[in-house]
Amino acid sequence: MKKIKNIFIILISVFIVSACNTNSEQAKVNKKLKKATFAGGCFWCMQHPFEEVKGVKNVIAGYTGGTVKDPSYHQVSDGNTGHYESIQVTYDPAEVSYKKLLDVFWRQIDPTDNGGQFVDRGQQYTTAIFYQDAKQKNIAEKSKKELENSDRYNKPIVTKILPAHTFYKAEEYHQDYYKKNPLNYFRYRNGSGRDQYLNKIWEKKIKKHKKKKSKTGFKMPSKNELKKELTPLQYEVTQNEATEPSFNNKYWNNHKEGIYVDIISGEPLFSSTDKYPSGSGWPSFTKPIDKNNIIENKDASLGMIRIELKSKKAKSHLGHVFDDGPQPTGLRYCINSAALRFIPKEDLEKEGYGKYAYLFK
């Protein structure tokens, strides 16, 4: 009996030592982690992009910057607390830099709007960077200055850089809202105009990127690189076969002359000379510029058989082709605007697509 008791005591001791060691290791890990706090309007739309970044360990939606302790969503949304809807990002600086997080932040917002963000108006929805220490402050100020010196905006950048305040976690139903209520989230985000604005602003970067690649040959970016370069909608459409809303996309009603190229690779896909008003609410074409630039795959989703279209080099999901189009082909190439970039005919030469000018003579 005494022997059993001694064994029991030894086991308990081993368990305690092991637990202490585990706690000690966890404490070391936690000590290495840093926090970054950003306000970018609706916090539903801010969580998702940061959670996709390698090195980010946690993203919490909440409130900060005001004077009311532990405020509720309704108090903050009334605009009388001084708080901002914001997110707190916990990250490992050994895996991702604060500068990289700032780059992600700028790509989610309109930094020239001092009255809110998109459909959400009021001080509680304005943009701000809350720095945790002098180092973060210096990096944030430098990042803002670089953006001001770029040619991306034609209005002053008004995003504030403020010292960090107490951060209050928002109600649980706000955390990861895009996962819990994906349909409502998509409807809200699309209706807010956020993605439409970001697509327009950051398209300048994409154009320069594509032009540079065309000289040396196309190399497919990594998933992480694509998430940086594309808007969330562009990424979901091209990489995850999502479908953008009809009658509420960039090119469905575009009547300008020019060609449409792949948003990632720059492959020439369609011409305005073959575009027609199908009534579907998406850009529709009777044929591609060069059928060799498009891959056709059988698609059995949604309980029907369809022909999916992908670009040859980038493998971007483009849309589908149907046999209900007008003559002479009888086909309807139904394409997502988010997978395309439009090049006006007058810009073909300078964009490197001069050989397609014949289409408009």
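The values are calculated or read from the model by the stated rules, or taken from the named source; none is laboratory data. Predicted, not measured: the structure shown is a model, and the values here were computed from it. Please note: Cβ atoms are built from the backbone with ideal geometry, for glycine as well, and neighbour counts cover all protein chains shown.
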Inset, instruction - Find the helices (runs of 4 or more DSSP H) located wholly in the range 27-119 whose residues include 3 or more that are closer than 27 Å to TRP202 by Cα and not small (Gly, Ala, Ser), and list them. - result: 44-51, 98-106
Inset, instruction - Among the candidates SER311, SER214, SER271, single out the residue that is over 23 Å from TYR178 (Cβ atoms), modelled with pLDDT under 90 and of a type in the set (Ser, Thr, Tyr). - result: SER214
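To keep it simple, each residue is scored yes or no on (1) crowded, with 16+ Cβ neighbours inside 10 Å; (2) of a type in the set (A, V, I, L, M, F, W, C); (3) modelled with pLDDT under 90.
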| position | (1), (2), (3) |
| --- | --- |
| ASN190 | yes, no, yes |
| ASN224 | no, no, yes |
| GLU229 | yes, no, yes |
| GLY258 | yes, no, no |
Inset, instruction - May I ask you to list the residues in the range 342-361 that are over 29 Å from the mean Cα position of the chain (by Cα) and part of a loop (DSSP other than H, G, I, E, B)? - result: GLU349, LYS361
Legend entry - the range 284-312 - residue that is outside any strand (DSSP E or B) and touching a helix residue (DSSP H, G or I) at 6+ places or on another chain (Cβ under 6 Å) and, of those, nearest to ALA242 (Cα to Cα): LYS312
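Residues being within 16 Å of PHE43 (Cα to Cα) and either part of a loop (DSSP other than H, G, I, E, B) or modelled with pLDDT under 95 (or both): count how many of those fall in the range 120-134.
Start the filter on the range 120-134 by keeping residues that are within 16 Å of PHE43 (Cα to Cα), which leaves 120-130.
Then drop every residue that is not either part of a loop (DSSP other than H, G, I, E, B) or modelled with pLDDT under 95 (or both), which leaves 122, 126.
Selection size over the range 120-134: 2.
Take the range 313-341 and flag every residue that is surrounded by fewer than 19 Cβ atoms within 10 Å (Cβ to Cβ) and part of a strand (DSSP E or B). Full working, then the answer.
Within the range 313-341, the first condition is being surrounded by fewer than 19 Cβ atoms within 10 Å (Cβ to Cβ), and the residues that meet it are 313, 315, 322-324, 326-330.
Matches in the range 313-341: PHE322 only.
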Inset, instruction - Please tell me if LYS99 is out of contact with any helix residue (DSSP H, G or I) (no Cβ under 8 Å at 6 or more places or on another chain) and of a type outside the set (Gly, Ala, Ser). - result: no
Inset, instruction - Note down all Cβ pairs under 8 Å where the first residue falls in the range 133-150 and is in the same structural domain as LEU102 (by TED's automatic domain parsing), the second is surrounded by 13 or more Cβ atoms within 10 Å (Cβ to Cβ) and of a type in the set (Gly, Ala, Ser), and they're at least six residues apart or on different chains. - result: GLN136/ALA36
Inset, instruction - Could you give me the residue pairs with C-beta distances under 9 Å whose first residue belongs to the range 78-92 and is farther than 14 Å from VAL53 by Cβ, whose second residue is at pLDDT below 95 and surrounded by fewer than 15 Cβ atoms within 10 Å (Cβ to Cβ) wherever it lies, and which are 6+ apart or on separate chains? - result: THR81/THR67; GLY82/THR67; HIS83/THR67
Inset, instruction - Select, from LYS361, LYS310, LYS350, the only residue that is free of Cβ contacts under 8 Å to residues at least 24 places away in the same chain and surrounded by 14 or more Cβ atoms within 10 Å (Cβ to Cβ). - result: LYS310
Legend entry - Leading residue by the ranking (surrounded by the fewest Cβ atoms within 10 Å (Cβ to Cβ)) among those in the range 29-56 that are at pLDDT below 95 and of a type in the set (D, E, K, R): LYS31
